[in-house]
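Each remark here refers to the structure printed beneath this line.
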Amino acid sequence: MDLDPEDLFKDDEDDPENEFQGREYTKELVVYLVDASPQMFSPISTLDDNKGENHFGIAVNCISQSLKSQIISRSYDEVAICFFNTSKKKNLQDLNGVFVFNVAEREDLDRPTARLIKEFDSIEETFAKEIGSQYGIISGSRENSLYNAIWVAQALLRKGSAKTTDKRMLLFTNNDDPFGDIRGATKADMIRTTLQRAKDAQDLGISIELLPLCRPEEEFNVSLFYADLIGLDDEDLDQFIPSAGEKLEDMKDELRKRMFKKRKVRRITFLISNGISIELNTYALVRPTLPGQITWLDSVTNVPLKTERSFICADTGALLEEPSKRVQSYKGENVKFSTEELTEIKRVSTGQLRLLGFKPLSCLKDYYNLRPSTFVFPSDESNDSVSVLRYNQEILGSSCIFIALHRSMLRLRRFALAFYGSSSHPQLVALVAQDEITSSCGQVEPPGMHMIYLPYSDDIRHVEELHVDVGSVAPRATDDKVKKADALMKRVDLKDFSVCQFANPALQRHYAVLQALALDEDEMPEVKDETLPDEQGMSRQGVVNALEEFKISVYGENYDQEEADALSSKTSSEAAKKRKAIAECAVKECANYDWAELADNGKLKDLTVVELKYYLAAHSLTLTGKKDVLISRILTHLGK
């Protein structure tokens, strides 16, 4: 059986998505607590544009958008939706005024699914009939629906370690004083018990976040009660409402994007010398955002399909077992390889980081950064990874060795050169030490090392010089042109620009289509392409004037755009005719050779590159590459 080079060196670990795929380090458990009192259903505004809009609908919309985002960004997170101040009760604790929407009959939370979102989107239409709304904290009654809601949420969040899970309660309400109708000792006692219940939850590692809802003309007074509930200091009160408003808007307009709570990729072994090795954790500073992998499903059962490869005899059509030997044609002979030999061939790199030496930092060029670097830091998580034996002397702790190496590299201004990579992509890397950076607010940058992936010589493209005729003068911009260009750049300069301001429109459309399919929506959600030019901003008079002045300085006042377009079209037409003539000539020359016979006899290597390109051009194949590449391309096209 012939060898396929791509299949030979293809490993599961070579998948670009697997490069950043580690275990789910931090799972988020969220309970949404929604106030369902009659006050939440009151219209927000009397204007016709906002007629019928209420705070309950806003809360439902925010939660729905958050669930849709979670399916894409953190599908392993779990959620529960809990209403309080309700007429009916539905919870395992059998507490009044609390209705758990999705997990009332069990203690486990739900992962966000399309079914859950579809059911929750229709909650407004059926809420009054199936659940009902009432004031759960009223004068003359000892019922405390807010206390009950926190108790139910705490019970739902009791599973999971605080080290591996992030537990949160998100509270939606428009009532800044839930105990305002109660007086005397009863009010003080209810406030005390509610705050104690909240403190008990926080002591268990559960954070409580308030998302206040208020009318435009009214202010939500956090200091009346909720400041004590969520633990706000006096200094934070002024900034709380604006920041909570921004969080609410983010939930309503949240982008469909992948979110990574932890950036730890994997642990690697750093081989230093003479049997000394330490364990390092690697952290991804920047991750590529890609659509999810395609999963093929059975058309009837929707069960994911597994790919299997079978070998069939070319003569009899019988099903064969996988051959123990594979062959590769080399110089007219078939070279056989066993499965074990192929495994050894693939093992170019062990996946460990091996120190080769040190070089001055001046040897590291800016253009060596072909891809985002990886941050490395010592790992002392397990005993077997931090103890090495050298000459009967035990050295304890990866951190000790790492710190000594880190300090020496900073002091001597050198970087470490090492060998690292997967089986199919081994490469040299540079370890550059980064010192700790602190400010009055605390740590800005941690100490550690950046692992920069160095290019091979083939990856570097040298700048090609444009050789002009002898005696001719290279064109240069005049001072006036430079001045006009500078003025134009200042006009269109983006203030405080950051790539994080723009969402990838292709990914947004991809996830919008998936959302429409999963939720059986008639229309695809509208996707705003933020990368399109700002036509309104470009049409400002200052920008138009600066652009016109630059155009005149470069092309002159009598420049005719239509005439230039016509000349360009004529030039491209002439180039197309020239390419067509070359292709026709290649077809004629190609007919003079018996390519199949040349391939069978191994005589393609005797032809010149020009002759080989006759075949490639005649069959519209790529012409670039060295002679061996051209021959391989011809053999592939001939099916040899």
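What is the residue count in the stretch 221-245 for residues that are within 23 Å of ILE182 (Cβ to Cβ) and surrounded by 16 or more Cβ atoms within 10 Å (Cβ to Cβ)?
Adding up the residues that qualify gives 7.
Return the residue satisfying two criteria in turn: it lies in the stretch 161-182 and is among the hydrophobic types (A, V, I, L, M, F, W, C) and within 22 Å of LYS247 (Cα to Cα), and of such residues it is surrounded by the fewest Cβ atoms within 10 Å (Cβ to Cβ).
LEU170
Do the conditions hold for ASP594, that is, is it open to solvent by 70 Å² or more (accessible area, probe 1.4 Å) and more than 17 Å from SER329 (Cβ to Cβ)?
The answer is yes for ASP594.
When you go through (1) modelled with pLDDT under 80; (2) open to solvent by less than 100 Å² (accessible area, probe 1.4 Å); (3) among the acidic types (Asp, Glu) one by one for GLU557, which number turns out not to apply?
(2)
Would you pick out the residues in the stretch 60-114 that are outside any loop (DSSP other than H, G, I, E, B), more than 22 Å from ASN174 (Cα to Cα) and more than 25 Å from the chain's Cα centre (by Cα)?
LYS90
With (1) at pLDDT below 85; (2) assigned to a strand (DSSP E or B); (3) more than 30 Å from the chain's Cα centre (by Cα) as the list, and ARG266 as the residue in question, which single condition is left unmet?
(3)
Which of the residues belonging to the stretch 327-358 are touching a residue at least 12 places away in the same chain (Cβ under 8 Å) and among the aliphatic types (A, V, I, L, M)?
Residues satisfying the conditions are VAL327, LEU342, ILE345, VAL348, LEU353, LEU355, LEU356.
Within the stretch 82-115, how many residues turn out to be at pLDDT 90 or above and open to solvent by less than 30 Å² (accessible area, probe 1.4 Å)?
Of the residues in that region, 11 qualify.
Which residue, of LYS588, LYS613, LYS605, LYS580, is surrounded by 15 or more Cβ atoms within 10 Å (Cβ to Cβ) and in a helix (DSSP H, G or I)?
Exactly one of LYS588, LYS613, LYS605, LYS580 is surrounded by 15 or more Cβ atoms within 10 Å (Cβ to Cβ) and in a helix (DSSP H, G or I), namely LYS613.
Quick check, is TYR147 in contact with a Lys or Arg (Cβ under 7 Å, 6 or more places away or on another chain), within 20 Å of ASN91 (Cα to Cα) and open to solvent by 30 Å² or more (accessible area, probe 1.4 Å)?
yes
Could you go through the stretch 119-138 and let me know if any residue there is touching an Asp or Glu at 6+ places or on another chain (Cβ under 7 Å), more than 17 Å from ILE63 (Cβ to Cβ) and loosely packed, with under 12 Cβ neighbours inside 10 Å.
yes
For the stretch 283-303, how many residues are in a strand (DSSP E or B) and either polar (S, T, N, Q) or open to solvent by less than 80 Å² (accessible area, probe 1.4 Å) (or both)?
Going through the stretch 283-303 one residue at a time, the tally reaches 2.
How many residues are at positive phi and open to solvent by 70 Å² or more (accessible area, probe 1.4 Å) if we restrict to the stretch 326-359?
The number of residues fulfilling the criteria is 2.
Has the stretch 24-41 got any residue that is at pLDDT below 55, under 30 Å from HIS510 (Cβ atoms) and part of a loop (DSSP other than H, G, I, E, B)?
yes
Which residue pairs have Cβ atoms under 8 Å apart, sit 6 or more places apart or on different chains, and have a first residue in the stretch 572-584 that is within 15 Å of SER620 (Cα to Cα) and a second that is open to solvent by less than 100 Å² (accessible area, probe 1.4 Å) and at pLDDT 80 or above?
ILE582/ALA617; ALA583/ALA617; ALA583/ALA618
Report, by residue number, each residue of the stretch 496-525 that is within 18 Å of GLN70 (Cα to Cα) and assigned to a helix (DSSP H, G or I).
LEU507, GLN508, ARG509, HIS510, TYR511, ALA512, VAL513, LEU514, GLN515, ALA516, LEU517, ALA518
Of all residues in the stretch 413-444 being more than 23 Å from LEU356 (Cβ to Cβ) and polar (S, T, N, Q), which is modelled with the highest pLDDT?
Applying the filter and picking the extreme gives THR438.
If we keep just the residues of the stretch 445-457 that are open to solvent by 30 Å² or more (accessible area, probe 1.4 Å) and within 17 Å of ALA284 (Cα to Cα), which is modelled with the highest pLDDT?
HIS450
Kindly establish whether GLY136 is in a loop (DSSP other than H, G, I, E, B) and more than 34 Å from the chain's Cα centre (by Cα).
Criteria met by GLY136.
Hey, among ARG158, ARG197, ARG192, which residue is under 37 Å from the mean Cα position of the chain (by Cα) and open to solvent by 10 Å² or more (accessible area, probe 1.4 Å)?
So the residue among ARG158, ARG197, ARG192 that is under 37 Å from the mean Cα position of the chain (by Cα) and open to solvent by 10 Å² or more (accessible area, probe 1.4 Å) is ARG158.
On the basis of being β-branched (Val, Ile, Thr) and within 30 Å of PRO446 (Cβ to Cβ), does ILE278 make the cut?
It is true that ILE278 is β-branched (Val, Ile, Thr) and within 30 Å of PRO446 (Cβ to Cβ).
Whether any residue in the stretch 505-523 is in contact (Cβ under 8 Å) with a residue 24 or more places away in the chain, of a type in the set (Ser, Thr, Tyr) and over 24 Å from SER75 (Cβ atoms) is what I want to check.
No: the stretch 505-523 contains no residue that is in contact (Cβ under 8 Å) with a residue 24 or more places away in the chain, of a type in the set (Ser, Thr, Tyr) and over 24 Å from SER75 (Cβ atoms).
Of all residues in the stretch 526-543, which are over 16 Å from LYS483 (Cα atoms) and either open to solvent by less than 90 Å² (accessible area, probe 1.4 Å) or part of a helix (DSSP H, G or I) (or both)?
Result: VAL527, ASP529, GLU530, THR531, GLU535, GLN536, GLY537, MET538, SER539, GLN541.
The values are calculated or read from the model by the stated rules, or taken from the named source; none is laboratory data. This one's a predicted model, so the numbers in the text were calculated from it and none came from an experiment. Cβ coordinates were reconstructed from backbone atoms using ideal geometry, including for glycine residues, and neighbour counts include every protein chain displayed. Each accessible area value is taken on the protein alone, full model and side chains, heavy atoms only, with ligands, DNA and RNA left out. Shrake-Rupley method; radii C 1.70, N 1.55, O 1.52, S 1.80 Å.
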